[in-house]
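Just so it is clear, none of the values below were taken in a lab; they were calculated from the coordinates. Everything numeric here is computed off the predicted structure, so don't read it as measured data. A quick note on method: Cβ atoms are made from the backbone with ideal geometry, for glycine too, and the neighbour counts reach across all protein chains shown.
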Amino acid sequence: MKNDSAVALDALLARAADALRKAKRVCVLTGAGISAESGIPTFRDALTGLWANFNPEDLATPEAFERDPKFVWDWYEFRRELIRQAEPNPGHFALAELAGRVPRFTLVTQNVDGLHQRAGSKGVLEYHGNILRDRCCVEQVIAERSEDSRHGLPRCAACGGLLRPDVVWFGEAIPPGPMLAAAAAAESCDVFLSIGTSSLVYPAASLAESALRAGATVIEVNPDRTDLSPAADVVLGGPSGLLLPRLLDALS
Ligand code: APR
């Protein structure tokens, strides 16, 4: 026999599935939590090993890079390696499948790890860029590394300028393409799913607020409560790798 909390979760999954079944437009926002079960630590988890004493908010800034590009690059190389070794988890795969079950589907991610794409999601809006790409600081375009980049700092093959990871740092603007497309999707959706995000970092966190204002059903998936939880219509409290496949089952 199921206990009370299992029965309550089943009821919440059924409510969420019902909203998805009726929806014409679905917008999803994911954060670091969806990749936690792939072994990538969330931002607000303590960093481990070599980087345990550093705060990401002090490393992921233009000022930190200007001060000490080698130090910031070392941190990014460490994270790139972690991401290269990681695999998408059942939460990523469930979202790739959900896209085919609703008429219009937009996936916005704050993650820079590319795991949604590796799980088969198409047209992902990368709100904070992608850690696996390099961008030229001079030309501001995605760039290849020059041959001699093996020694010292990575340099642009075309112009020799310093390269940086193609991510959005604290204090920097969101790339206009993903920002406008995400805003339009959030404002016009019937169902908005907020998955694995602390809902603390703006402007990403404002997408759920736009969806709420527009009257969408807002569903949150997170083992912990967030600032969004009190306003959400359905709060699925648990890990996304477990609950998103169950949501798909409830939809069948
Ligand atoms: N499933 C779902 N959610 C989870 C899981 C899990 N298995 N594990 C943890 N979480 C939740 C946490 O409870 C937390 O609410 O994921 C959230 C992660 O929050 P943050 O670390 O703040 O990540 P995020 O919201 O993506 O941060 C936004 O801040 O540091 C910047 O640019 C960075 O994109 C990042 C942005």
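Calculated mean residue ellipticity at 222 nm for the chain: -11000 deg cm²/dmol, from DSSP H runs with n ≥ 4 weighted as -39500 (n - 2.57), summed, divided by the residue count and rounded to 500.
Taking the Cα-to-Cβ direction at Asp45 and at Phe170 and moving 7 Å from each Cα, how far apart do the two end points lie in nm? About 2.0 nm separates the two model spin labels. Sorted largest first, the spans of the alpha carbon positions of the range 162-241 along the three principal axes are 46, 27, 21 Å.
Compute the acute angle (0 to 90°) between the alpha-carbon long axis of helix 240-251 and the principal axis of greatest extent of the alpha-carbon atoms of the chain; round to the nearest 10°. With both axes taken from Cα atoms, the answer is about 40 degrees.
Per Stokes-Einstein, at 4 °C and 1.567 mPa s, what whole-number D in µm² s⁻¹ belongs to the chain, with the Kirkwood radius over Cα pairs as the hydrodynamic radius?
Numbers: Rh = 19.1 Å.
Translational D for this selection: 68 µm²/s.
Note on Lys24: lysines with a C-alpha under 28 Å away, same-chain residues under 8 apart excluded, are Lys122.
Loop-only check: which trypsin sites (Lys or Arg not before Pro) in the range 53-160 are DSSP coil with at most 14 other Cβ within 10 angstrom?
Details: sites: Arg67, Lys70, Arg79, Arg80, Arg84, Arg101, Arg104, Arg118, Lys122, Arg133, Arg135, Arg145, Arg150, Arg155; in loops: Lys122.
Here the trypsin sites (Lys or Arg not before Pro) that fit, given the DSSP loop and packing criteria, are Lys122.
Quick one: Kirkwood hydrodynamic radius for the range 1-105, alpha-carbon pairs, angstrom, one decimal?
Working: mean 1/r = 0.0581 Å⁻¹.
With all distinct Cα pairs of the range 1-105 included, I get 17.2 Å.
Note on Leu200 and Ala8: the model spin-label points, each 7 Å out from Cα along the C-beta direction, lie 2.5 nm apart. Within the shell defined by Cβ-Cβ distances under 12 Å, the residues around Trp169 carry a net charge of -4, with Lys and Arg each +1 and Asp and Glu each -1.
As an exercise, take the mean of 1/r over every pair of distinct alpha carbons in the range 62-102, invert it, and state the Kirkwood radius in angstroms. Each step should come with its number before you reach the end.
Numbers: mean 1/r = 0.0780 Å⁻¹.
One over the average 1/r among Cα pairs gives 12.8 Å for the range 62-102.
Its Cα centre serving as origin, the chain has a Cβ charge dipole (Lys and Arg +1, Asp and Glu -1) of approximately 720 debye.
Over the Cα atoms of the range 198-252, what is the Rg over Rh ratio if Rh follows Kirkwood?
Numbers: Rg = 11.9 Å, Rh = 12.0 Å.
Using Cα coordinates only, the ratio equals 0.99.
In a shell of Cβ-Cβ distance under 13 Å around Leu59, excluding Leu59 itself, what net charge do Lys and Arg (+1) and Asp and Glu (-1) give?
Numbers: positive: Arg67, Lys70, Arg79, Arg164; negative: Glu57, Asp58, Glu63, Glu66, Asp68, Asp74, Glu77.
Computed value for this residue: -3.
Pick out, from Ala208, Leu132, Leu107, the residue whose Cα sits farthest towards the positive end of the charge dipole of the chain, with +1 on the Cβ of Lys and Arg and -1 on the Cβ of Asp and Glu. Checked the options; the winner is Leu107. Shown here is the pair-distance distribution of the range 126-187: with all Cα-Cα distances grouped in 10 Å bins from zero up to the longest one, the shares run 23, 42, 23, 9, 2 percent.
Compared with the dominant principal axis of the Cα atoms in the chain, helix 176-188 is inclined by about 10°.
The Cα atoms of the range 60-194 cover 49, 30, 25 Å along the three principal axes, with the biggest extent listed first. When the chain is described by a simple charge dipole with +1 on each Lys and Arg Cβ and -1 on each Asp and Glu Cβ, the residue from Pro41, His92, Ser188 located farthest towards its positive end is Ser188.
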